[in-house]
Amino acid sequence: MKFIIIGAGVSGVLSAVALTRAGHEVEVYERAERLRSGGNGVMVWHNGTAIMRDLGLRLDGLGRRIDRADVWSYDGRPLLRTDMAEIAGELGSHGMGVMRGRILERAVEALPEGTLRFGKECLRIREGGPGRSARVTVEFSDGTRAEGDVLIGADGYRSAVRQHLFGDDPARPTYLASWHGTTSVPIELESDHIVPTYYGKVGLCTVHPVGEGLTHWAFEVPWNGGARHLAAADGERAHEMNLRRAQVLRKLFGGWAGPVPQLLDVVKGEDIGVAPHVIHRVPRWWGRGPVTLAGDAAHAVPPRVGMGVNQALEDAWVLGQVFSGPGDPVASLRRYERVRRPRARRVRSRAVMMRRGNRMMLMMKATRDGLQSTKMLRSNIISCSNYLNGHVD
């Protein structure tokens, strides 16, 4: 069976790995001119690292193992401690901080040469008709086309494939944004296997190592029209905009407990990227005929929930499972959607709940032993994972 995948992000490339391992022919088309091997740092939970391992990706030297996650108040008061090493012992795989681009590089190693095609922007999609013999054709901006038995839209929250399926159905803004970057910053952390997150009444700051001597940091702040002009800058305005970005962060977070001010002292404006948060509705079906969606194209959620990359990995794993043998491709796509929908909706509900969680978090009494928060995280990881539940029925 031949699969056409639009988008060479985590969901697209890992889906290609899973489907190739299942014995299928796969072509991945990406509108960028090269693999996006940079990008931001991400947390991969225990289910995600297990999926990568089972799909044959090399994990040696990839990212940094995370053994504990601590939550602090902006004034230095300890709130929660989560023992991720204990969860790793129970689930058989550790959590990891890693650069998104490094995951892609390891995934490409597992693909046949020529699987990825760059500089290919999807313009239109034509479905060949009903029934098992239906084919789908994709036309690209350079005048070329591709034809296959199945089309998977893994082209992000502004997906052209989702637009084809549902018309105007954009991801909704949450009016929050991450101001983030990944740099080598000389700040004192308790350990490079611990992720600290600091909560204030308005925003938060999280810091985690991603390997190779790098640290990913992110400040979450309200996002409105008044600040929107800080999202991008070019030409002569670039230097001014970079200075203003750094000034805004220092004004909002400079009075917090350490190491947040120390981090701000070494972060430069040009290090700061701004990513508005969005969230998708998760439809009853996110496909039609020989076409479906994966990753953010199907179920984008804000980064606070920490499940974006992990849900993309879950999509890839389930796709590999439902196409592991012969069968009607259209029926297999609907099975994939049916299996993934409840977990994706659970993640979305959690994202909505967490969106206004700062004040509630700050009202908590310190629970440094971490027993309850460790149980909660373990339960959440399992409940949002098809892989850890071991079935695709």
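The values are calculated or read from the model by the stated rules, or taken from the named source; none is laboratory data. Given the structure is predicted, the values throughout are model-derived calculations rather than measurements. In this analysis, Cβ positions are derived from the backbone assuming ideal geometry, glycine residues included, and neighbour counts consider all displayed protein chains. To get the accessible areas, we keep the full protein, side chains included, count just its heavy atoms, and leave off ligands, DNA and RNA. Shrake-Rupley method; radii C 1.70, N 1.55, O 1.52, S 1.80 Å.
Counting protein heavy atoms only, region 36-167 has 45 percent of its accessible area on carbon and sulfur, 1.4 angstrom probe. Counted over the chain, the DSSP beta bridges are approximately 70% antiparallel.
Heavy-atom accessible area with a 1.4 Å probe sorts SER191, SER15, largest first, into SER191, SER15.
What a 1.4 Å probe finds exposed on region 238-281 is 52% carbon and sulfur by accessible area, rounded to a whole percent.
Need the C-alpha centroid separation for region 160-187 versus region 329-350, integer Å. What the calculation gives is 21 Å, centre to centre. Give me the net charge for the shell around MET1: Cβ to Cβ below 9 angstrom, other residues only, Lys and Arg +1, Asp and Glu -1. With Lys, Arg at +1 and Asp, Glu at -1, the neighbours total -1. In loop segments of region 247-291 as defined by DSSP, the trypsin sites (Lys or Arg not before Pro) with at most 10 further C-beta atoms inside 10 Å of their C-beta are ARG284. The residues of the chain present an accessible area of 44 Å² per residue when probed at 1.4 Å with all protein chains retained. For the pair VAL266 and GLU33 in one chain, pulling the backbone fully straight at 0.36 nm per residue adds 80.6 nm over the alpha carbon distance.
Can you compute the FRET efficiency between ASP328 and THR144 using 1/(1 + (r/R0)^6), with r the Cβ-Cβ distance and R0 = 30 Å? Round to the nearest 0.05. The partial results should precede the final answer.
Numbers: r = 29 Å, r/R0 = 0.95.
With R0 = 30 Å, the Cβ-Cβ based efficiency is 0.55.
Which shape class, rounded, prolate or oblate, goes with region 150-227 when its Cα gyration tensor gives a ≥ b ≥ c as root eigenvalues, a/c under 1.5 marks rounded, and past that a/b bigger than b/c marks prolate? It is oblate, given that a/c is not under 1.5 and a/b is not larger than b/c. If R0 is taken as 30 Å, the Cβ-Cβ distance between ARG126 and VAL352 corresponds to a FRET efficiency of 0.25.
A cut-off of 5 Å between modelled amide H atoms, ignoring neighbours fewer than 5 places along the same chain, links LEU123 with GLU139, PHE140, SER141. The alpha-carbon of LYS375 sits under 19 angstrom from the alpha-carbons of these lysines, leaving out residues fewer than 8 places away in its chain: LYS365. Its DSSP H runs of at least 4 residues, each contributing -39,500 (n - 2.57), put the calculated 222 nm mean residue ellipticity of the chain at -10500 deg cm²/dmol, to the nearest 500.
Simple spin-label estimate for ARG284 and GLU113 gives 4.9 nm between the two label positions (7 Å along the Cα-to-Cβ direction from each Cα). For the residues GLU109, GLU220, a 1.4 Å probe over the protein chains yields an accessible-area ranking, largest first, of GLU109, GLU220.
Of the residues MET43, LEU55, VAL26, the one whose Cα sits farthest toward the positive end of the charge dipole of region 22-65, with +1 on the Cβ of Lys and Arg and -1 on the Cβ of Asp and Glu, is MET43. Note on Cα extents along the principal axes in Å: of the candidates (i) 63, 54, 36; (ii) 58, 49, 40; (iii) 76, 49, 39, the value calculated from this structure sits at (i). Subtracting the Cα-Cα distance of SER191 and GLU105 from 0.36 nm times their residue separation leaves 28.3 nm of extension gain.
Straight-distance candidates among the lysines for linking to LYS251, with alpha-carbon spacing under 23 Å and chain neighbours fewer than 8 residues away dropped: LYS201, LYS268.
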